[in-house]
1. With no solvent and one equal point scatterer per Cα, compute the Debye intensity ratio I(q)/I(0) for segment 183-227 at 0.20, 0.24, 0.27 Å⁻¹ and report its log10, rounded to two decimals.
2. Counting only protein chains, not ligands or nucleic acids, how are 196, 173 ordered by accessible area (probe 1.4 Å), most first?
3. Over the alpha-carbon set of segment 1-141, work out the extent along each principal axis and list the three values in angstrom, largest first.
4. In degrees from 0 to 90, rounded to the nearest 10, what is the angle of the helix 295-314 Cα long axis to the longest principal axis of the chain?
5. Could you point to the residue in 163, 64, 254 farthest towards the positive end of the chain's charge dipole, with +1 and -1 charges on the Cβ of Lys/Arg and Asp/Glu respectively?
6. With no solvent and one equal point scatterer placed on each C-alpha of segment 150-289, evaluate the Debye formula and give log10 I(q)/I(0) for q = 0.12, 0.16 Å⁻¹, two decimals.
7. Expressed as an acute angle from 0 to 90° and rounded to the nearest 10, what is the orientation of the C-alpha long axis of helix 282-292 relative to the principal long axis of the chain?
8. What does the charge count around residue 104 come to, taking other residues whose C-beta lies under 15 Å from its C-beta (Lys +1, Arg +1, Asp -1, Glu -1)?
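The values are calculated or read from the model by the stated rules, or taken from the named source; none is laboratory data. Since this is a predicted model, take the numbers as computed values, not measurements. Note that each Cβ is placed from the backbone with ideal geometry, even for glycine, and that neighbours are counted across all protein chains shown. Heads up: the accessible areas ignore ligands, DNA and RNA and are worked out on the full protein's heavy atoms, side chains in. Shrake-Rupley method; radii C 1.70, N 1.55, O 1.52, S 1.80 Å.
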Amino acid sequence: MEFWNSTLGSGFILVGILDDSGYPELLCATIIALYMLALTSNGLLLLVITMDARLHVPMYLFLGQLSLMDLLLTSVITPKAVVDYLLKDNTISFGGCALQMFLELVLGSAEDLLLAFMAYDRYVAICQPLNYTILMSHKVCWLLIATSWILASLTALIFTTYTMQYPFCKSREIRHLFCEIPPLLKLACADTSTYELMVYLTGVSVLILPLAVILASYVRILYSVLHMPSNEGRKKALVTCSSHLTVVGMWYGGASFMYVLPRQFHNPKQDNVLSVFYTIVTPALNPLIYSLRNKEVTGALRRILGKRLLPTQSTF
């Protein structure tokens, strides 16, 4: 088998969902719309949480970090995919591929951990309210946030370095929306079975273990909510928790299929659809799911917009 030097050559060719679609123009327009929605909604939510002092509590600090991760994740993937389609140039350099993989792994892994920490925050708030200010102080909150970023960065660095050290075959086509470990390993000219097992076990650890923590937290939360004497308190807790569980289901569903499902069950078209779902669709919908039914967020947005509009109105 002939090899090519990917470090000195022209890199890889990304053959994503836009290239395999029967209606690429419509799909491209949809992806652009979702990206603009993600930029607007996540940016607005970040602005509201930053500017309104009433939202400077652990729940919303976590939510702000989630919006930041979603905003960065979709920006790592979407603009390049759209520009490549419009310019009819799907090439990506070896270094660009490594960078894209590293950033996607950092942001994805950090979001996995953050969602688990958010579930723990809700568990403490509902099941141990008297100890909430101690167990979820600002110091603890920022420590958990820093932990998610640091662990994710270290994991991403290790796997990106190890993946990109393989020799790759003459075919340069990555049949995927972006540079990700499973489709890239299909181009390797060496035995990757041991490494794929390591990726699988890490995927289980990074995805399934936090998911188990989330589910365990919500079992306890549901038990406590059902025994609440106040109907209003029960309704508020259920609304908050249902929003989080919706986001968890959307994120972990696509990511788990990609990294936990054995290789023989993968095909390029299915992987492309899943990657679009958790890197483009989910970041666009997350802030809407959290904010539309959250009176504190919508109230803060009205206050901020009111302050901006009031001076303008008073001049007439």
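1. -0.71, -0.83, -0.90
2. Working: 196 45, 173 80 Å².
In descending accessible area the options line up as 173, 196.
3. Each principal axis gives a Cα extent; for segment 1-141 these are 65, 36, 25 Å.
4. 80
5. Toward the positive end, the furthest listed residue is 64.
6. -0.61, -0.94
7. That works out to roughly 10 degrees.
8. Details: positive: 80; negative: 70, 111, 112, 180, 271.
It works out to a net charge of -4.
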